[in-house]
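Take a look at the structure set out below.
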Amino acid sequence: MRADSGGTRKPRCFVSWIFRCRAAWSWRLACPSGMVLTRLTAAPERRLARRVCGVVLDHFDAQYSSELGDAWAAVRDVLTSPCCWQYAVLLNRFNYPFNLEEALRLRGYRTVFQGSLPHCPKSMKCYLSATAGRMPSERHQVGNLKKYYLLNAASLLPVLALELRDGEKVLDLCAAPGGKSIALLQCADPGYLHCNEYDHLRLKWLMQTLESFIPQPLVNGIKVSQSDGRDVGDAQPETFDKVLVDAPCSNDRSWLFSPDAQKAACRISQRRSLPVLQRGLLWSAIKALRPGGLLVYSTCTLSRAENQDVINDVLNTHSNVIAVDITEMARTCSQDFSFAPTGQECGLLVIPDKGRAWGPMYVAKLKKSWTA
Ligand SMILES: C[S@@+](CC[C@H](N)C(=O)[O-])C[C@H]1O[C@@H](n2cnc3c(N)ncnc32)[C@H](O)[C@@H]1O
C-alpha cells in the first residue's frame, strides 16, 4: 500500500511531517490496489509559529501544581509541546470511508472505545495512533460530506457518557463548532436534536460543520438556535431526555498559545467569572431536562473552579439532581487515557500524558430525579 505521495517513512515529529506534506503539496491515501482514495490538502503552516505564552504558563504553574500535585509536571510537558499532540480520527457514518479504515490501520492507527465501554455504539468508529501528528483536515465543499472529523479523543468521553439512544430528545446547549453534535449523531438517531450556540460567528461555523458531515434531510430536522444557554431551560422546561453542557471554559491548550500576551493576561482576571456562567448554563440545562433524564457537563480545562466546584455547587443547590458514578468508564479506558487521581469527587478529569496526549477534559454525569 502507498501511504502517501512523499514516501512511506513515518515522520519523526509533527513539524517534519508538515514539511514533508508541504513539499509533496498534498497527502494521498491509497487503497491496497493503488487507487487514490482521496486527496487532501496539507495542514496550514501557521502551526509552526506557535509559542507558549509565558504569563499563562506562570499562571498555570501556580494553580495546577497546587491542584494536580506531582502530576502537573508531566501534563505541563505535553501541553507545552505541540509536536507531541495527537489527533484522533472520527469516521463519518454518513459517508462511510471503507478504504480509509485499512489505510489508517496500515499507518498504525487502531480503534478506541469499541469493546471496552459499557455503552459504545458500533456505529461510532474512532481511530487513534500512539504517535504524534494528524491527518490533514478535509476542505468543506458544498454537496460533499466529509469522511472524517479530527478531534481530541477525550472529547468523545462526554458524548459516550450521555448514552444516547435512537429516538431520544437531546439538547447540545453550547454546540459550536459542532464536534460533539457530529459525534452524537454517529452514536444514534435521535428523535429530536437541538443544537444551541450563543455566538453569532460560531453559530455559522456550527451550521457549516453540520452541513459538512450530515445529509441534508437530517440537517433539516435539527433545530439550531442562537440563544443564551441560560434561557433555554425556561423556554423549554422538562423537554429533553439527554442534555450536553460542553461549557465555555478557560480552554487551557489554546490559551497557553495565545499570540497576544496582553489579552492572555486579561483573561486571567476574566477567568474568575467563568464559573458563574457555567453554573447558570447548568441550572438552565437541569430545567430543560425531563425527570429521569441524564445530563453531561464537560470542559477542556484542568481548573477545579470550573469543574468540580461547579458540579458540587449544583449538587448542593438542587435536591432533585444526583451524580452518576462514571469511574467504570475511567477504568475501562485507562489503557488509552490518563486520569487525574481523584478522591471522593464525582467526575473524571483526563490529563494529557506522554503517548496519551488527550485532554484536558473534565466529564461529570448527573441525573434528574422524579422527586423535587
Ligand atoms: C467548549 S465550546 C463548545 C464546543 C462544542 N461542544 C464542540 O464540541 O464542538 C463552548 C461554546 O459555548 C459557547 N457559549 C458561550 N457562552 C454561551 C452561552 N451563554 N450560551 C450558549 N453558548 C455559549 C461558546 O461560544 C462556545 O462556542
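Values in this text are rule-based calculations from the coordinates and carry no lab data. Computed from a predicted model, the values in this text were never measured in an experiment. As a convention, Cβ positions derive from the backbone with ideal geometry for all residues, glycine included, and neighbour counts pool all protein chains shown.
For the range 282-293, what does the Karplus curve 6.51 cos²θ - 1.76 cosθ + 1.60, with θ = phi - 60°, yield as ³J(HN,Hα) per residue in whole Hz, taken in order and with x for Gly and Pro?
5, 4, 5, 4, 5, 4, 6, 7, 6, x, x, x
If each DSSP helix of 4+ residues adds -39,500 (n - 2.57) and the sum is divided by the residues in the chain, what number results at 222 nm, nearest 500 deg cm²/dmol?
Numbers: 14 runs with 132 residues, N = 372.
Calculated mean residue ellipticity at 222 nm is -10000 deg cm²/dmol.
Report the one residue of Ser298, Asn320, Ser254 whose Cα lies farthest in the direction of the positive end of the charge dipole of the range 217-372 (charges on C-beta: Lys and Arg +1, Asp and Glu -1; origin at the Cα centre).
Ser254
Ordered by residue, what ³J(HN,Hα) values in Hz, to whole numbers, does the range 170-178 give under the Karplus form 6.51 cos²θ - 1.76 cosθ + 1.60, where θ = phi - 60° and Gly and Pro are x?
Taking θ as phi minus 60°, the curve returns 10, 10, 9, 6, 10, 9, 6, x, x Hz for the range 170-178.
Order of 205-217, 108-120 by packing, highest average Cβ count within 10 Å first? Kindly include the intermediate steps, with their values, before the conclusion.
Details: 205-217: 17.9, 108-120: 15.6.
Final packing ranking: 205-217, 108-120.
Ordered by residue, what ³J(HN,Hα) values in Hz, to whole numbers, does the range 238-252 give under the Karplus form 6.51 cos²θ - 1.76 cosθ + 1.60, where θ = phi - 60° and Gly and Pro are x?
Residue by residue, the range 238-252 yields 6, 9, 9, 6, 9, 9, 10, 10, 8, 6, x, 8, 5, 6, 4 Hz.
Placing unit charges on C-beta atoms (Lys and Arg positive, Asp and Glu negative, everything else neutral), compute the dipole magnitude of the chain about its Cα centre in debye, rounded to 20. Walk me through the numbers before you get to the answer.
Values: 46 positive and 34 negative charges, 313 e Å.
Result for the chain is approximately 1500 debye, rounded to the nearest 20.
Under 10 Å, Cα contacts only: if you run a Gaussian network model on the chain, which one of Tyr149, Tyr297, Tyr96 comes out with the highest mean-square fluctuation?
For the chain, modelled as a Gaussian network with Cα springs under 10 Å, the answer is Tyr96.
Evaluate the relative contact order of the chain (contact order divided by residue number), counting alpha-carbon pairs under 8 angstrom at least 6 apart; express in whole percent. Mind showing how you got there, number by number?
Working: 753 pairs, mean separation 62.6, N = 372.
This gives 17 percent for the chain.
Extension gain Asn312-Arg105, at 0.36 nm per residue separation less the Cα-Cα distance, in nm?
On the way: separation 207, 0.36 × 207 = 74.52 nm, distance 4.21 nm.
Contour length minus Cα-Cα distance gives 70.3 nm.
At 0.36 nm per residue, minus the direct Cα-Cα distance, what do Ser65 and Asn251 gain on full extension? Give it in nm, one decimal, please. Walk me through the intermediate numbers first.
Numbers: separation 186, 0.36 × 186 = 66.96 nm, distance 1.75 nm.
Taking 0.36 nm per residue and subtracting the Cα distance, the gain is 65.2 nm.
Does the range 184-235 come out rounded, prolate or oblate, given a ≥ b ≥ c as the square roots of the eigenvalues of its C-alpha gyration tensor, rounded meaning a/c under 1.5 and, failing that, prolate meaning a/b above b/c?
Numbers: a/c = 2.38, a/b = 1.35, b/c = 1.77.
It comes out oblate by the Cα gyration axes.
Over the range 85-207, what is the mean sequence separation of C-alpha contacts under 8 Å (at least six apart), divided by residue count, expressed as relative contact order in percent?
Details: 193 pairs, mean separation 34.2, N = 123.
Relative contact order, the range 85-207: 28 percent.
Any chance you could run the full-extension gain for Lys122 through Gln226? It's 0.36 nm times the residue separation minus the Cα-Cα distance, nm to one decimal. Walk me through the intermediate numbers first.
Working: separation 104, 0.36 × 104 = 37.44 nm, distance 3.22 nm.
Stretched fully, the Lys122-Gln226 segment lengthens by 34.2 nm.
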